[in-house]
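Report on one structure; see the data block that follows.
Just so it is clear, none of the values below were taken in a lab; they were calculated from the coordinates. The model shown is predicted, which means the values in this text are computed figures rather than measured ones. Cβ placement follows ideal geometry from the backbone for every residue including glycine, while neighbour counts extend to all protein chains displayed.
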Amino acid sequence: MKISMSRSSARTFHLMIAVLLIALVASPSLAREKVTEEWVQAFPAMDAIELSNTNGHVSFEVWGRDEIEVRATKSAHASSRARARELLDAIEIVARDSGSTLRIETELPSSSILGWLRGSNGGASVHYVVMVPEMARVGARSTNGHVKVAGVQGGVDCKSTNGNVMLSDVGGPVAARTTNGKVNADVITVDGPIELASTNGSLAVSLPPGAGADLTARTTNGRVRVDGDLDATISKRTKVEGALAGGGDLLDLRTVNGSITIEASGARGI
């Protein structure tokens with residue numbers, strides 16, 4: 001059987017082959033060499049800590065010591081061990097003490113588009129685990145990575161672009177935002193506004209029994225569900241406003257693609 005192909009079809013076929021070859025060359029599987037290194041530093045206790053990351057997860061946990069410990073796992077991968085080591089050595093973690101706030105910044109090595117296509121530049125990331133006193137105020141920014149906070153009572157302000165934000169047993173003012181991911185917040189002490197937002201992801205918040213709040217919750221593609229004592233002024237599938245348990249601090253929940261769940265009856269485990 002003879003198969004004929006028009007000139008336009010042939011050009012399309014050849015273009016597909018070229019794209020496939022480029023994809024194979026740039027495949028992460030070629031960056032097969034990986035190296036890691038631990039970075040650990042202790043700091044005196046401060047009122048607040050702010051951490052900025054680009055590629056990697058960030059986790060805050062509470063402990064009983066009156067100091068802050070930052071533990072970072074630096075990783076780099078490339079097509080050769082020498083190149084991976086070069087990338088690893090170029091990762092910088094910068095700590096700055098500005099009075100009552102400790103600031104941690106992550107500086108990753110830059111890579112060119114040509115190097116990425118060749119598969120030679122690989123990539124780099126840093127994963128953080130930060131131990132803090134219970135009453136510290138914590139803030140975190142990560143472009144590509146999840147953010148987790150557990151037990152912190154001094155307030156939370158976290159943001160990711162591509163990743164989930166997960167808060168458990170937190171207190172104080174709470175702000176958590178992401179673009180692509182979900183946001184869960186288990187709040188055990190309401191002491192200030194609670195603001196959760198996503199673009200592509202669901203939102204869920206759990207409040208302690210009897211906690212009052214002025215609720216505004218809205219989504220575009222999804223639904224809003226409230227379990228608790230709500231005096232609603234607006235109650236629609238995609239938008240709910242009203243006073244929870246008589247009202248109180250602002251509870252502002254907004255997403256575009258995802259549902260919203262408010263657990264205010266005293267049940268835990270969202």
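List, in order, the whole-Hz ³J(HN,Hα) value for each residue of region 85-97 obtained from phi through the Karplus relation with A = 6.51, B = -1.76, C = 1.60 and θ = phi - 60°; use x for Gly and Pro.
5, 4, 5, 4, 5, 7, 6, 10, 10, 10, 10, 10, 9
Compute the distance in nm between two label points, each set 7 Å from the Cα along the Cα-to-Cβ direction, one at Lys34 and one at Asp231.
Distance between label points: 5.5 nm.
Sorted by mean Cβ packing within 10 Å, highest first, what order do the peptides 236-244, 88-96, 203-211 take? Let's see the in-between values first.
Details: 236-244: 16.2, 88-96: 14.2, 203-211: 20.4.
Output ranking for 236-244, 88-96, 203-211: 203-211, 236-244, 88-96.
For Thr238 paired with Ser98, estimate the spin-label separation in nm (one decimal), with each label point 7 Å from Cα along the Cα-to-Cβ line.
The two pseudo-label positions are separated by 3.9 nm.
May I ask which residue of Gly181, Ala197, Ala243 lies farthest towards the positive end of the charge dipole of region 176-270, with charges of +1 (Lys, Arg) and -1 (Asp, Glu) on Cβ and the Cα centre as origin?
Gly181
What FRET efficiency would be calculated for the residue pair Thr179, Asn221, taking the C-beta separation as r and a Förster radius of 22 Å, to the nearest 0.05?
Values: r = 15 Å, r/R0 = 0.69.
Given R0 = 22 Å and the Cβ-Cβ separation, E is 0.90.
What is the local net charge at His57, summed over the other residues whose Cβ is closer than 14 Å to its Cβ (Lys, Arg +1; Asp, Glu -1)?
Working: positive: Arg71, Lys74, Arg141, Lys148, Lys159; negative: Glu61.
After counting each charged neighbour, the total is +4.
Listed highest first by mean packing, meaning other Cβ atoms within 10 Å per residue, what order do 59-66, 189-196, 177-184 come in? Present the calculation step by step, with values, prior to reporting the outcome.
Values: 59-66: 14.6, 189-196: 18.6, 177-184: 20.8.
Ranked from most to least packed, the peptides come out as 177-184, 189-196, 59-66.
Mind jotting down a quarter of the surface of the convex hull over the alpha carbons of region 165-270, in square nanometres, one decimal?
Values: hull surface 20.6 nm².
Taking a quarter of the hull surface, the average projection is 5.2 nm².
To the nearest 0.05, how large is the calculated FRET efficiency for Arg85 and Thr143 if R₀ is 30 Å and r is the Cβ-Cβ distance? Walk me through the numbers on the way to the answer.
On the way: r = 24 Å, r/R0 = 0.80.
Given R0 = 30 Å and the Cβ-Cβ separation, E is 0.80.
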